[in-house]
Amino acid sequence: MATAAPATANASLLDQKMKKGPGVVGAAIFVAILLGGLAYCGFNIANDMGHVVSTSIWPYVLLAVALLIALGFEFVNGFHDTANAVATVIYTHSLEPHVAVVWSGMWNLIGVLTSSGAVAFAVITLLPVELILQVSSGAGFAMVFALLIAAIIWNLSTWWLGLPASSSHTMVGSIIGVGIANQLMAGHNGTAGVDWDQVSKVFKVLLVSPLVGFACAWLLMLLTKALVKFPALFTAPKGDEPPPFLIRLLLILTCTGVSFGHGSNDGQKGMGLIMLILIGTVPTAYALNHAVTAHDVVDFVAVSTQVSGILTSHVDQNAVMSDPRQDVTEYIKTKQFTPTTMVALRELVEDISHEVGLYKELKAVPARDQQNVRNDMYVAASALSQMHKSHNPQFTADEDKVLTNYQKKLDTATKFIPLWVKVAVALALGMGTMVGWKRIVVTVGEKIGKDHLTYAQGASAELVAMATIIAADNFGLPVSTTHVLSSGIAGTMVANGSGLQWSTLRSIAMAWVCTLPAAAILSGGLFWVFRAFMK
C-alpha cells in the first residue's frame, strides 16, 4: 500500500493535464494550419480538374464522397497510431499533452510529405487485379468503399474500447475480404482473387514486428541498465516535474522519430486507395503521371524497343493470342505461364510504346485513352514482376536489367502520388490524433505494466519502434506502429522486473487475433451489398 498513493497522485496529475485545452495560441495555430492545408488541396484539385470536361456532376459528387471516406480512414488511424508516439513523453512529463500532440502531428506531416509511396502501392498490389482495372466501374467503387468503411468501423470499435489495434492489420483483412467476396460472386474459387504471396509477405511482417519490438526493447533495456551509469534515467517521474534536460531531450527525440516513422509508413496506407479513387472518378487528370516529360517519353520508347526484342526472343512462334491485355491479365490472376502469355505481353509492350510515342507526352494522351493506357501499363508491369518472382521464363542477367528498367518506367507513369494528397492525409492524421488520442495514450501509459514507466523504458520502447518502422518503410512494407510500440513497452517492463497487466495484454492479443477475420467479414459483406447497387 505504500506505493499506491504516489501512483494515484501521479495519475491524478496526468488526468488534470490531459483535460486541459490547447489554449488560444495552440488553437489558432491548429486552425491556421488546417485552413492553409485545405486551401492548398483545394487549389491543386481545381487546377488538376481545370482541363476535365464532364457533362454530369455525378463524378464530382462521387469524388467528394470517396475522398471524405478515405480521409476519414486516416482520421481514425490518427486515433490509434499517432497516439502511441506521444504516450511516453506525456507519461514522463517531458512535454505537456497538447504540446506533444501538436509536435507529433508536425513530424507526422513531415514523414508523410517525404514518403516514397512504396508502402501505398505495396498495399494496392494486394487487391485483385481485375478490380483495379475496373476502378472506374461500379465494382471498383464498391471495392474502395467496402475497404475503407470496414476499416473505419473496426478501428472505431477498438478505439472505443481503448485497445491499440493495428490499422495495417485491419487494411490487410479488409482487402482479403473483398478479394474472396469478389471471387465467390464471380462463381470461382473463393481464394483466387487474393494475391496470397503478397498477403503472406505483408502478414509475416505484421506478425514478426511485435515480437521484434518486444525482444529488442527487452534487450536494449537490459543493455542500458548494464552500461549506462546514470541513476536518474531509471527512475519514474515524480509529481509533474519534467525529467533532467538530457533525458527530456532523448525522450522528445524518440517521440519525434516515431512520429516521423509513423507518417512515412502508416500515412501511406490510405494514399494508394485515394489514388484509385482519383483514377476512377477523373482519369483524365490522374490516370497517368503528367509530370513525365517529352524527354522521358523518348527514353521510354527506346527502352520499349529493347524490351520488345527480348520478349520476341522468348516467343513461341506457334502461340496464338486473342486480346493482349486480357491474356496477360489472365496470367496475373492464375500465375500459369503459357506460350500465349509471352506473345501477348510483347504485343502489349508494343501497343503502349506506339500510343505513348504518338502523343509525345503523357498529358497529351487524349482523355478517352488515358485510362486504357494506364491499365495496359499496370498489367505489363504486374506481369513482369510476376515473371521475376517465378523465374519463368528464365531471363539472362542483361535481359533482367533491361526489363527491370522498363518496369520502373511503367511504375513512374502509373504509381505516383500528388503532393496535395500527402498534405490531405497528413491533415487527417493530425486531426484524428488531436481528437481521439487520450484513450490509447492511457492504455499504453498505464495499463500494460504494473508500474509507472521509467524514463529508460519510454526511451527504449520508442527507439525500437522508430528503428523498426523506418526500416520497414525503406523496404516498402506496412508495419503496425501500435503493436511495435505496445510490445516494446511490455518488453521493457519485463526487463525491469516491473510485471505486466495480463488482462490488458490479453485484450490487445485478442484484438490482434480478431482483426483479420473481423475486417475480412465486414469488408466482404459490404462489398456484396455495394455491388447490388453499383453496376
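Brief remarks follow.
- With Cα atoms, 0 to 90° folded angle of helix 339-359 axis to the chain main axis: 90
- Residues with amide H under 5 Å from that of L500, placed H, sequence gap 5 or more: K450
- Taking all Cα pairs closer than 8 Å and separated by 6 or more residues, the relative contact order of the stretch 290-414 comes to 35 percent.
- Volume per residue of the convex hull around the Cα atoms, evaluated for the chain, comes out as 158 Å³.
- Sequentially through the stretch 280-288, phi angles give Karplus couplings (6.51, -1.76, 1.60; θ = phi - 60°) of x, 8, 9, x, 4, 8, 10, 5, 10 Hz, Gly and Pro residues having no value and appearing as x.
- Extension gain, L184 back to L161 (0.36 nm per residue minus Cα-Cα distance, nm): 5.0 nm
- When every Cα-Cα distance of the stretch 78-140 is counted in 5 angstrom steps from zero, the calculated P(r) takes the values 4, 15, 15, 15, 12, 11, 11, 8, 6, 4, 1 percent.
- Degrees between helix 397-414 axis and first principal axis of the chain (Cα, 0 to 90, nearest 10): 80
- Computed FRET value (nearest 0.05) for Q326 with L68, which takes r as the C-beta separation and R₀ as 30 Å: 0.30
- Cut-off 16 Å, label 7 Å out along Cα→Cβ of S200, residues of the stretch 118-134 by amide N: 126
- For the chain, the relative contact order works out to 33 percent when only alpha carbon pairs closer than 8 Å and six or more residues apart are counted.
- Size of charge dipole - the stretch 290-414 - debye, nearest 20, with Cβ of Lys, Arg +1 and Asp, Glu -1, no other charges: 320
- Distance between the modelled labels on H391 and E355, one decimal in nanometres: 3.4 nm (7 Å Cα→Cβ projection).
- Neighbour counts of C-beta atoms inside 10 Å place W103, W154 in the sequence W103, W154, starting with the fewest.
- Distance in nm between pseudo-label sites at K408 and T114 (7 Å out along the Cβ direction from Cα): 2.2
- Multiplying the residue separation of I252 and S503 by 0.36 nm and subtracting their alpha-carbon distance yields 87.4 nm.
- With a simple spin-label model that places each label point 7 Å from the Cα along the Cα-to-Cβ direction, the separation between K238 and L207 comes to 4.8 nm.
Where a number appears in this text, it was derived from the coordinates with a stated rule and is not lab data. Only a predicted model underlies this, so the values are computations on that prediction, with no experimental measurement involved. Cβ atoms come from the backbone with ideal geometry, glycine included; neighbour counts cover every protein chain shown.
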